[in-house]
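Quick notes on the structure that follows.
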Amino acid sequence: MATVNHALSQHQKDFIARAQHFRQYSPQEAFCDFLAIAMADMRNAVGDPGLKGTGRTEREVEYLGIVHKYFPHDYREYPPGHAMRKDFEALLALHEPWAQAVAEDRFVEFFGEVAAELNILQAGAGQFFTPVHVCQMIAKMTVELAEDPKGEPVSIGDPACGSGRMLLEAARAYADAGQEPGDRIVVCGTDISQVCYQMTTLQLWAAGIPAVTFWGNSLSPDPPYDRTINGFTAMVWYRSKPRSDDQPAPAPAPIPGPKVPQQQSLF
């Protein structure tokens, strides 16, 4: 069992405590399952096909593969209070402390410290996340409210994005200067770790930051394993272009908010 770091926020401690009380699965497994179903749900919400062009049906198969770990048979066969049903309901409820943290601080980097506390990071392979205060310093030094001479959105990239905290802090730097980052920037993050790719993708989406994220090796010429466009990118490019009044804006991505099994949804 992980020992909770007292430097964590109360919401992060709540998430970790919940992850430690699954009857059949480890906290690490519950955390990874949560990221996977949240990714499937988010991509359904924004209609992103991913790099391989997988549609809703393929994402349903991925989602239901996780559901079937908790419900080997039709979930309706498990009465309320059944241990397996409780585990799946607990998995969906992991979204609550994260949503509460985002409501208090739009740019909060929530998952990175949780992953570290749950020993999900591969320290032996050199996987460590840059401390948040260092990210804040680098963001303020680097961003300097860069302006594109043509008025285009500014692109900000991180080739080893971890949990996305450098990109989140870059967005915060714009917000602190009185500018809406959703109007000013498009960020791109890449990581070789699937968990990191998922953490970054979900947190940038929850913050409303236009983003393209890749699961792949930035140092390799090989194509990435996957990619997500989070639904806000169309909005920022649309707002940056001259247009006539009768030109419709693309629909914004949905706001996160809980739902529940056929596909049971988090958002």
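General observations
- Hits in the stretch 175-191 - residues which are touching a helix residue (DSSP H, G or I) at 6+ places or on another chain (Cβ under 7 Å) and either in the same structural domain as R106 (by TED's automatic domain parsing) or closer than 12 Å to R106 by Cβ (or both): A175, P181, G182
- Screening A19 on (1) at pLDDT below 90; (2) closer than 26 Å to T228 by Cβ; (3) more than 15 Å from the chain's Cα centre (by Cα) shows it passes everything except condition (1).
- Conditions (1) within 23 Å of I229 (Cα to Cα); (2) among the charged types (D, E, K, R); (3) at pLDDT below 70; (4) in a helix (DSSP H, G or I); number of the one not met by E62: (3)
- All positions within the stretch 207-229 that are assigned to a loop (DSSP other than H, G, I, E, B) and either surrounded by fewer than 24 Cβ atoms within 10 Å (Cβ to Cβ) or among the basic types (K, R) (or both): G208, G216, N217, S218, L219, S220, P221, D222, P223, P224, Y225
- Considering the stretch 130-157, and only residues there that are crowded, with 21+ Cβ neighbours inside 10 Å and closer than 20 Å to F110 by Cα, the residue that is modelled with the highest pLDDT turns out to be C135.
- A single member of D41, D33 is at pLDDT below 90 and under 15 Å from the mean Cα position of the chain (by Cα), and it is D41.
- Those residues of the stretch 65-74 which are more than 17 Å from M39 (Cα to Cα) and either crowded, with 18+ Cβ neighbours inside 10 Å or modelled with pLDDT of 85 or more (or both), in sequence order: Y70, F71
- Residue satisfying all of: in the stretch 169-191; β-branched (V, I, T) and within 15 Å of the chain's Cα centre (by Cα); modelled with the highest pLDDT among these: T190
- Those helices (runs of 4 or more DSSP H) of the stretch 126-206 in which 2 or more residues are within 24 Å of A45 (Cβ to Cβ) occupy 165-176, 181-184, 194-206.
- The residues listed here are E109, E113; of these, the one that is at pLDDT 90 or above, closer than 13 Å to S163 by Cα, in a helix (DSSP H, G or I) and charged (D, E, K, R) is E113.
The values are calculated or read from the model by the stated rules, or taken from the named source; none is laboratory data. The shown structure was predicted, so the numbers you read here are calculated from the model rather than taken from an experiment. A quick note on method: Cβ atoms are made from the backbone with ideal geometry, for glycine too, and the neighbour counts reach across all protein chains shown.
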